[in-house]
1. Within segment 53-85, count every residue that is among the aliphatic types (A, V, I, L, M), in contact with a helix residue (DSSP H, G or I) (Cβ under 8 Å, 6 or more places away or on another chain) and surrounded by fewer than 24 Cβ atoms within 10 Å (Cβ to Cβ).
2. LEU240: free of Cβ contacts under 8 Å to residues at least 60 places away in the same chain and in contact with a strand residue (DSSP E or B) (Cβ under 7 Å, 6 or more places away or on another chain), yes or no?
3. Taking the condition of being touching a residue at least 40 places away in the same chain (Cβ under 8 Å) and among the polar types (S, T, N, Q), how many residues in segment 1-41 meet it?
4. Considering (1) part of a helix (DSSP H, G or I); (2) crowded, with 22+ Cβ neighbours inside 10 Å; (3) touching a His at 6+ places or on another chain (Cβ under 6 Å), say which one ALA43 fails and leave the rest.
5. Only residues that are outside any helix (DSSP H, G or I), of a type in the set (A, V, I, L, M) and either surrounded by fewer than 17 Cβ atoms within 10 Å (Cβ to Cβ) or without any contact (Cβ under 8 Å) to a residue 12 or more places away in the chain (or both): list them for segment 286-321, please.
6. Residue by residue through segment 22-51, note down the ones that are out of contact with any Leu (no Cβ under 7 Å at 6 or more places or on another chain) and among the acidic types (Asp, Glu).
7. Which of the residues that make up segment 86-133 are β-branched (Val, Ile, Thr) and crowded, with 21+ Cβ neighbours inside 10 Å?
8. Which of the following residues is in contact (Cβ under 8 Å) with a residue 24 or more places away in the chain and of a type in the set (D, E, K, R): ASP211, ASP225?
Amino acid sequence: MTIPTEPIGSLPRPRALLNALVEHTQGRLDDVELARLQGEAVADTVAQLEKLGSPVVVDGDQAKPSTITYPLAGVGCLAPDGAVIPFADGHTRQLPRLTSGPFRYGVRADTYLRTALKHAGTPVKQSVVAPSALSLIYPADSIGGYPREAFLDDLANEAETEIRACLDAGAHSVQLDFTEGRLALKLDPSGGLLEQFIGLNNRVLERFTEDEQARLGVHTDPGADQDSTHSLDVDCAQLLPRLFQLKVGNFYLQLAGEPDPERVLGNAADQLRPGTRVFVGVIDPIDPRIETPDEVRDRVLQAARHIPADQLGTCDDAGFAPWADDASTSRETAFAKIGARVQGTELAAQALGL
């Protein structure tokens, strides 16, 4: 036995792709050329992860506009003035607002997965947006002729279809990105909004068998965009009891950037169910410093004092570039950090005699 280690998802785009995205927005680059550059970036991402010895790879979200909004590409019934997500450094991200129904995804994540599989010789994990995040596009004042419950029915069906398509296409696992979990507690400290999010996500996850759920996971963090967070000031211990109600086999938790990792580990251990695995974050994408393998090893050994070794894994705290224009971390730094995670996790496995 060894300790599994996996990337979370997004990685910084190559400079050529970042420039191409600007040119495409300005109408100076066509869709075909942009797709070609995105495909090259996926191939390079997979190759670099495999070179680092990553036992599971991802496509780095190289073709996604963001980890939240990619299903909305090509959807016509949207206005730009949706929910605003504020970050601690003062910058914001804004979601679109749905204007009519029925709601359907414009793009599904299995399209990204199929591209990555063409280049990969190792298992590929596919990240998808949690339906709870997309629920935020429905306006507070409702839509005439398309009530919220009808929207949630459509959203749940679309989310299930996307996850099944990824599993059927050959994904090693499918990870729901649930960064809005901690944010929900900031927006509504009573926990009511978080309960709605958990309920909606489980409404989808309950449609899968136990064997299928074992291939599903959920990632949560306080946001990691442009080296800033949106909800790090919310106590993670408030989230974990509800988070572990989600019907998945794998949980990916921010830990390296937490102010009190021992407390988080203790809470996670209290919630751990038989047959589930906790991937603890041992790399902080926001910290510009590259962690050493020894530092990663020590973080894993710390986690192993709380989580049984056969239920323990490692990951990065978050994706490195959840929005396509996020260039706050260089591609070289991101891969160096991932290399340290892979090496440090192996050192910890050796220290534990695995």
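The values are calculated or read from the model by the stated rules, or taken from the named source; none is laboratory data. Given the structure is predicted, the values throughout are model-derived calculations rather than measurements. We place every Cβ from the backbone using ideal geometry, glycine too, and count neighbours over all the protein chains shown.
1. 6
2. no
3. Number of matching residues: 3.
4. Among (1) part of a helix (DSSP H, G or I); (2) crowded, with 22+ Cβ neighbours inside 10 Å; (3) touching a His at 6+ places or on another chain (Cβ under 6 Å), ALA43 violates only (2).
5. Listed by number, the list holds a single entry, ILE290.
6. ASP30, ASP31, GLU33, GLU40, ASP44, GLU50
7. Answer for segment 86-133, where residues must be β-branched (Val, Ile, Thr) and crowded, with 21+ Cβ neighbours inside 10 Å: VAL124, VAL128, VAL129.
8. Exactly one residue qualifies, and that residue is ASP225.
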